[in-house]
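Only one structure is covered here, and it is reproduced in the block below.
The values are calculated or read from the model by the stated rules, or taken from the named source; none is laboratory data. On a predicted model such as this, the values are computed, not experimentally measured, just so you know. Surface accessibility is based on the protein's heavy atoms, side chains included, excluding ligands, DNA and RNA. Shrake-Rupley method; radii C 1.70, N 1.55, O 1.52, S 1.80 Å.
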Amino acid sequence: MNQLPPEPEKPLNSDCCGGGACCPCVWDVYFEKLAEWRAAREALENQAPAAKNQPEA
């Protein structure tokens, strides 16, 4: 059974230097991982109704 990994941890404000020159910024990494996590969550949620409609063996 597929399980959803834990939601990415939001960086602290102090984790970012605020200079805008970091590539990638901790916030860029966080939002990318968050988008991936949300897509995985949505995929699992879309699979769940299909699994409920299948007869048990």
What are the residues in the range 1-16 that are assigned to a loop (DSSP other than H, G, I, E, B), open to solvent by 70 Å² or more (accessible area, probe 1.4 Å), modelled with pLDDT of 95 or more and farther than 16 Å from Glu36 by Cα, if any? Leu12
Residues of the range 26-57 classified as part of a loop (DSSP other than H, G, I, E, B) and at pLDDT 95 or above, total: 0
